[in-house]
Amino acid sequence: MPTTSCSTAKLLEVAKTENDRIANLVRQLTGLYNSTSAPSYTDINFVISEALVPIQGELIESGIQVKRTLDSELPRIFVSTDNVKRVLYNLFLNAKDATSNGGRLNITTQLSTSDDIGLAKDKFILIEMGDTGKGIMPAEIAQIFTPFYSTKENGVGLGLWISKRIIEDIGGQILVRSVAGQGSTFTIALPIER
Ligand SMILES: Nc1ncnc2c1ncn2[C@@H]1O[C@H](COP(=O)(O)OP(=O)(O)OP(=O)(O)O)[C@@H](O)[C@H]1O
Ligand SMILES: [Mg+2]
């Protein structure tokens, strides 16, 4: 019967979405409670390259071009590689979700240069990740770091909350600026000395 098959299809669709959401929840929670690598002197540019590996295929399939402009003279910083990789991976996933075919993801690293975001010169490594995706409405910006805030059908809403916690635990900051319809840029500031 058409009505029954229609609602069965709908039920299957809901089940698939819920299944994806649970898979995402497990992914986030597993990472949260897994032990992470002990802090060590780390090359942030190398961590960026490693964090890109698991998502590179998806970015290519989605037609998103990645451009890296990395400062090769950056000092190493004392952090847990796993933790930083996790944050970067969450941001890459979000950028991929927000960006459509033909879009770009620009990743830059540099030392803090001026006080334009209130950070002392040469005291922080700045990782900037700019996408040309759908952007975030001003009213939403205040909510995106709140646990379980998600605008995605199968989103959990923990990625940014966890990322912010990780970065602040190591004395850093995570900031965002966005123009709806044009894209978003997330900046991670990591202290060089603690
Ligand atoms: N680069 C981005 N462009 C546009 N919107 C974004 C971007 N990054 C985050 N957002 C918005 O912030 C919300 C929260 O992001 P967050 O990563 O915390 O959760 P999520 O991606 O929805 O789920 P998950 O827990 O699986 O990461 C997203 O649902 C989305 O609305
Ligand atoms: Mg996310």
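Scanning the range 30-52 for residues that are surrounded by 12 or more Cβ atoms within 10 Å (Cβ to Cβ) and either β-branched (Val, Ile, Thr) or at pLDDT 75 or above (or both) yields a total of 14.
Looking at the range 162-182, I want the residues that are surrounded by fewer than 16 Cβ atoms within 10 Å (Cβ to Cβ) and have a partner that is assigned to a helix (DSSP H, G or I) and of a type in the set (S, T, N, Q) with Cβ atoms under 9 Å, at least 6 apart or on another chain. Which pairs are those? So the pair list comes out as ASP169/ASN83. Looking only at the range 108-159, which residues are of a type in the set (Phe, Trp, Tyr) and closer than 22 Å to GLU73 by Cα? Result: PHE124, single match.
Here is a yes/no grid of residues against (1) in contact with a strand residue (DSSP E or B) (Cβ under 9 Å, 6 or more places away or on another chain); (2) within 19 Å of ILE48 (Cβ to Cβ); (3) free of Cβ contacts under 8 Å to residues at least 40 places away in the same chain:
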{"residue": "ASP82", "(1), (2), (3)": "no, yes, no"}
{"residue": "VAL87", "(1), (2), (3)": "yes, yes, no"}
{"residue": "ASN90", "(1), (2), (3)": "no, yes, no"}
{"residue": "ASN94", "(1), (2), (3)": "yes, yes, no"}
{"residue": "ARG104", "(1), (2), (3)": "yes, yes, no"}
{"residue": "THR109", "(1), (2), (3)": "yes, yes, no"}
{"residue": "ASP115", "(1), (2), (3)": "no, no, yes"}
{"residue": "LYS121", "(1), (2), (3)": "yes, no, yes"}
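Quick one: in the range 142-167, which of the residues that are assigned to a helix (DSSP H, G or I) and either more than 10 Å from ligand 2 (Cβ to nearest atom) or among the basic types (Lys, Arg) (or both) is farthest from THR36 (Cα to Cα)? My answer is LYS164.
Name the residue, out of PHE92, PHE78, PHE145, that is of a type in the set (Phe, Trp, Tyr) and more than 10 Å from ligand 1 (Cβ to nearest atom). None of the other options fit; the residue is PHE78. Among the residues of the range 59-85, those identified as in contact with a Leu (Cβ under 9 Å, 6 or more places away or on another chain) and either assigned to a helix (DSSP H, G or I) or within 16 Å of ligand 2 (Cβ to nearest atom) (or both) are LEU59, ILE64, VAL84.
Against the condition surrounded by 15 or more Cβ atoms within 10 Å (Cβ to Cβ), more than 9 Å from ligand 1 (Cβ to nearest atom) and not aliphatic (A, V, I, L, M), how does THR108 come out, does it pass? Here the answer is yes, as THR108 does meet what is asked.
The values are calculated or read from the model by the stated rules, or taken from the named source; none is laboratory data. Bear in mind the structure is a predicted one, so any value in this text is a computation, not a measurement. Here Cβ is always computed from backbone atoms with ideal geometry, including for glycine, and neighbour counts include all displayed protein chains.
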